[in-house]
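**Student:** Quick one: the structure is below, questions incoming.
The values are calculated or read from the model by the stated rules, or taken from the named source; none is laboratory data. Computed from a predicted model, the values in this text were never measured in an experiment. Cβ sites come from the backbone with ideal geometry, for glycine too, and all protein chains shown count toward neighbours.
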Amino acid sequence: MEPIVSIKNVTVQFNLATQRVDNLKEYFVRLLKHQLMFQSFFPLQDINLDVKRGDSWGIIGVNGSGKSTFLKLICGILKPYKGSMRVCGSIAPLIELGAGFDSDLTARENIFMNGAILGHSHQFMVEHFDQVVEFAELQDFLDVPIKNFSSGMQARLGFSLATMVKHDILIVDEILSVGDMAFQQKCEQRISELLSDGTTLLFVSHSLDQVRRLCKNVMWLEKGRVVMKGDSKTVCDAYELKEQGFITSEEGLLSASGKELPNE
């Protein structure tokens, strides 16, 4: 079976400005004179990953390791500097809290606007409106501007909208961490139902227990490179040992996992 996501030797490059430019005119003058100075930064380097349809992959690592950059790469927000990638099928992205919402509009207005952004017709959103509101548990706040919502309420609405219909790939980046425990369990149940129905999951979380529950496989990133990838228990256990200071080297990881480390 062809992988639904195929990433081959992919590197992502950012150009970081090394000098301050205070206005647009100065920027273009320096650009034309070739006087703009940048420093290259590589948030991801030499990434290889094949994801089969219906697989569930957790992406773990400390802050700044490249997890969110990886998800943005899958979504097409970022393009590879080197290497090649192929993504097949529709994507439901839950990458940034509040993305796709207008803070000055009410929850009711944002539901229809977000539906239009996702490509759904007005009639489709009318038919699914009650389903979205019921799952998000926001019946009493439909006519309240989103800017007055807590982060948890925004997460509930965003998750409900993204999962109201089945997509080929569901991408979740830490959005469940802001919800209360009851809603997290509700979201996990919805994700499990989607997985059972053939949806592919790419899941970023600092909660290893959550990763273990939802993901069969895990990729561990550190400073933009793959440290280890494989079954969820093996990689999460090795990551915990590393974070607790019990293992500090590749040899230690090898011993902890009982498997060969990827030659990334």
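**Student:** Could you please find all residues in the range 39-64 being closer than 20 Å to ILE95 by Cβ and either within 13 Å of the chain's Cα centre (by Cα) or part of a loop (DSSP other than H, G, I, E, B) (or both)?
**Tutor:** Residues satisfying the conditions are ASP55, SER56, TRP57, GLY58, ILE59, ILE60, GLY61, VAL62, ASN63, GLY64.
**Student:** Quick one: is ARG156 part of a helix (DSSP H, G or I), modelled with pLDDT of 90 or more, farther than 30 Å from ARG86 by Cα and not polar (S, T, N, Q)?
**Tutor:** The answer is no for ARG156.
**Student:** Considering each of GLY158, GLY115, GLY152, GLY119 in turn, give the residue that is on the phi > 0 side of the Ramachandran plot, within 25 Å of the chain's Cα centre (by Cα) and not acidic (Asp, Glu).
**Tutor:** GLY119
**Student:** Here is a check on your reading of the model: is ASP143 part of a loop (DSSP other than H, G, I, E, B), of a type in the set (Asp, Glu) and either free of Cβ contacts under 8 Å to residues at least 12 places away in the same chain or farther than 30 Å from MET228 by Cα (or both)?
**Tutor:** yes
**Student:** If we keep just the residues of the range 162-221 that are among the acidic types (Asp, Glu) and touching a residue at least 24 places away in the same chain (Cβ under 8 Å), which is surrounded by the most Cβ atoms within 10 Å (Cβ to Cβ)?
**Tutor:** Of everything passing the filter in the range 162-221, ASP173 is surrounded by the most Cβ atoms within 10 Å (Cβ to Cβ).
**Student:** Inside the range 65-136, counting only helices (runs of 4 or more DSSP H) that do not spill past its ends, which hold 1 or more residues that are in contact (Cβ under 8 Å) with a residue 40 or more places away in the chain and aromatic (Phe, Trp, Tyr)?
**Tutor:** Counting at least 1 such residues, we get 67-75, 122-136.
**Student:** Residues to consider are ASP140, ASP104, ASP168; find the one that is at pLDDT 90 or above and under 20 Å from ASP197 (Cβ atoms).
**Tutor:** Within the list ASP140, ASP104, ASP168, the selection yields ASP168.
**Student:** Would you check if there is a residue in the range 59-79 being polar (S, T, N, Q) and touching a His at 6+ places or on another chain (Cβ under 8 Å)?
**Tutor:** Checked against the condition, which is being polar (S, T, N, Q) and touching a His at 6+ places or on another chain (Cβ under 8 Å), the range 59-79 yields no hits at all.
**Student:** Ok, one more. In the range 143-156, which residues are farther than 20 Å from LEU201 by Cβ and crowded, with 23+ Cβ neighbours inside 10 Å?
**Tutor:** Across the range 143-156, the qualifying residue is only GLN154.
**Student:** Now a separate question. Say we look at the range 213-237 and pick out the residues that are acidic (Asp, Glu) and not in a helix (DSSP H, G or I); which of these is nearest to GLY58 (Cα to Cα)?
**Tutor:** ASP231
**Student:** Here is a list: GLN210, GLN184. Which entry is modelled with pLDDT of 90 or more and not in a strand (DSSP E or B)?
**Tutor:** Of the residues listed, the single one that is modelled with pLDDT of 90 or more and not in a strand (DSSP E or B) is GLN210.
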